[in-house]
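Below: the structure, in structure tokens.
The values are calculated or read from the model by the stated rules, or taken from the named source; none is laboratory data. Predicted model only: the values in this text are computed from it and were never measured. Cβ sites come from the backbone with ideal geometry, for glycine too, and all protein chains shown count toward neighbours.
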Amino acid sequence: MQKEAKNPILLPKKTIKKDSMNRIRILGGTPLNGHVNISGAKNAALPLLTVTLLTDEPVTLTNVPNLADIHTLLELLDQHGVEIDTALPTVTLRTRTLKSNVAPYDIVRRMRASFLVLGPLLARHGSAVVSLPGGCAIGTRPVDIHLMGLEKLGASIKLDGGYVHASAPSTGLRGADVSMPMISVGATENLMLAATLATGTTRLINAAREPEIIDLAKCLNAMGAKIEHAGTDTIIIEGVDSLHGVTHAVQPDRIETGTYAMAAAITRGELILDNTSLDLIPTVTSILEQAGMIFTPTENGFSARAGNLKGVDMMTEPFPGFSTDLQAQFMALMTSATGASMITETIFENRFMHVPELCRMGANITVHGSSALVRCGTPLKGAPVMATDIRASVSLVMAGLAAEGETIIDRIYHLDRGYESVENKLRQCGAHIERITGD
Ligand code: UD1
């Protein structure tokens, strides 16, 4: 991974305006071949950055990806008073004193994961005022489970003016059994963070089992927390009085891993993915193998290529199921197979926005409620298309790489939220891809 000089925090607010003019141009039809270095996981790094709010000692994270979402969270932590030293992929944070317990709308609306400061602020500083994140393009995405869980830990919660006003009892949060009505990654993380400093035992029942939850538990335990059974559906947290500093390496990004594996297959090339592991995507690889992909473990990761690709059905599910964050990429891949594929989205209610864009490129996809039927095998042709969210945008990049002719993808600031150096990584493997600015 590229080292970056020590730099002040980038302010995405300013760059987004400029970046919104940026587009990506792809000349498709070249198979990808070569090595791709997988970055640290965005979805693991975001909750890990918030652990600084739980201790006054330094927290150093390595393998942090250089992404717009990471800079958004650093900007939020900065305004809370966290001292931040960024030399990506390493970030050192220290919260000696809290300057503000308010997480403002202006930052939280840009990225939902900002809501994860609520649990730690409440646990260590006793109160927090955090903007409600609101919905986003892929769905309404409420935070009711986060709030219900914190109330179970004794917090009093009021909603006012679009903000959550939360305060802990004067004796602090207290452990409790929290049964979550639906599996939520963010709520599990927020409650884990809060429960580490609560008095007594917390049991999180029907918890998310994503690898990012395990990474967060590992880091918190290395800081002195007592968390058991992370990665199962019941996490047990014995509260402790205080946490100390830590140095922790962020795990590899399993979504980036799955994305590049499918990019190799859609272009009928072969990529060797370094600094990652097939163990991070067990169900994804099993479904992709059924579809004809071939994976071979290497010393430091694995290689991925297409065999004779055929359509298979797939349904998104919480981990260990097939991740919703790989659904759009899987759909792009299926357009290049033979037969048909029924793709069912069960996590978010509006996560098919890439469908009309893929259809503009020649795909034959029909949406019926939460399922999309891909009639495979219609060759893709380059076209101007528009990115609508992080994963939709990369599915269009994949489609553009496989398509005949030129694809121009607009609104690629979504891509910069989740994919580090995507053009460079692809170019090194033979892709004809460039970023263009203005008209
Ligand atoms: C995280 C990931 C995101 C991924 C998603 C599902 C991060 C930063 N983001 O998002 O990339 O797509 O998991 O794997 O890690 N829900 C409620 N009430 C709540 C919380 C969630 O109804 O209080 C619903 C959501 O609307 C959604 C489902 O639960 O339908 C799952 O959402 P959740 O797991 O919470 O997603 P995030 O943590 O926001």
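Within region 297-309, the set of residues being surrounded by 17 or more Cβ atoms within 10 Å (Cβ to Cβ) and assigned to a loop (DSSP other than H, G, I, E, B) comprises 309 only.
Would you say residue 100 is surrounded by fewer than 17 Cβ atoms within 10 Å (Cβ to Cβ) and in contact with a helix residue (DSSP H, G or I) (Cβ under 8 Å, 6 or more places away or on another chain)?
yes
Which of the residues belonging to region 398-419 are out of contact with any helix residue (DSSP H, G or I) (no Cβ under 7 Å at 6 or more places or on another chain) and either buried (at least 24 other Cβ atoms within 10 Å of the Cβ) or on the phi > 0 side of the Ramachandran plot (or both)?
400, 403, 405, 411
Going residue by residue through region 370-389, is there one that turns out to be small (Gly, Ala, Ser), within 30 Å of residue 143 (Cβ to Cβ), at pLDDT below 95 and buried (at least 24 other Cβ atoms within 10 Å of the Cβ)?
Yes, the conditions are met somewhere in region 370-389.
The number of residues in region 257-296 that are assigned to a loop (DSSP other than H, G, I, E, B), of a type in the set (S, T, N, Q) and buried (at least 24 other Cβ atoms within 10 Å of the Cβ) comes to 2. Put simply, of 27, 46, 61 the only residue that is of a type in the set (A, V, I, L, M, F, W, C) and within 13 Å of the ligand (Cβ to nearest atom) is 46.
Beta carbons closer than 7 Å, at least 6 apart along the sequence or on distinct chains, pair a first residue in region 146-165 that is within 15 Å of residue 189 (Cα to Cα) with a second that is away from the ligand (no atom under 12 Å from the Cβ) and among the basic types (Lys, Arg) for 153/174.
Tell me yes or no: at least one residue of region 226-234 is within 26 Å of residue 88 (Cβ to Cβ) and either within 16 Å of the ligand (Cβ to nearest atom) or surrounded by 18 or more Cβ atoms within 10 Å (Cβ to Cβ) (or both).
Taking every residue of region 226-234 in turn, none turns out to be within 26 Å of residue 88 (Cβ to Cβ) and either within 16 Å of the ligand (Cβ to nearest atom) or surrounded by 18 or more Cβ atoms within 10 Å (Cβ to Cβ) (or both).
Taking the criterion of being more than 14 Å from residue 259 (Cβ to Cβ) and under 15 Å from the mean Cα position of the chain (by Cα), the only residue of region 414-439 that qualifies is 416. Look at region 321-342: where a residue is free of Cβ contacts under 8 Å to residues at least 24 places away in the same chain, no partner that is buried (at least 24 other Cβ atoms within 10 Å of the Cβ) sits 6+ places away or on another chain with Cβ atoms under 6 Å. Of the residues making up region 345-357, not a single one is more than 21 Å from the chain's Cα centre (by Cα), surrounded by fewer than 20 Cβ atoms within 10 Å (Cβ to Cβ) and under 16 Å from residue 25 (Cβ atoms).
Within the set 246, 284, the sole residue that is touching a helix residue (DSSP H, G or I) at 6+ places or on another chain (Cβ under 6 Å), touching a residue at least 40 places away in the same chain (Cβ under 8 Å) and closer than 21 Å to residue 391 by Cα turns out to be 284.
Only residues that are buried (at least 23 other Cβ atoms within 10 Å of the Cβ), polar (S, T, N, Q) and in contact with a strand residue (DSSP E or B) (Cβ under 6 Å, 6 or more places away or on another chain) were counted across region 310-329, and they come to 1.
The C-beta contact set for region 179-202 (first residue within 13 Å of residue 43 (Cα to Cα), second residue among the acidic types (Asp, Glu) and within 12 Å of the ligand (Cβ to nearest atom), distance under 7 angstrom, 6+ apart or interchain) comprises 185/210; 185/212.
I'm trying to understand the selection: among the residues of region 310-343, which are in a strand (DSSP E or B) and either within 14 Å of the ligand (Cβ to nearest atom) or among the charged types (D, E, K, R) (or both)?
Passing the criteria: 310, 315, 316, 322.
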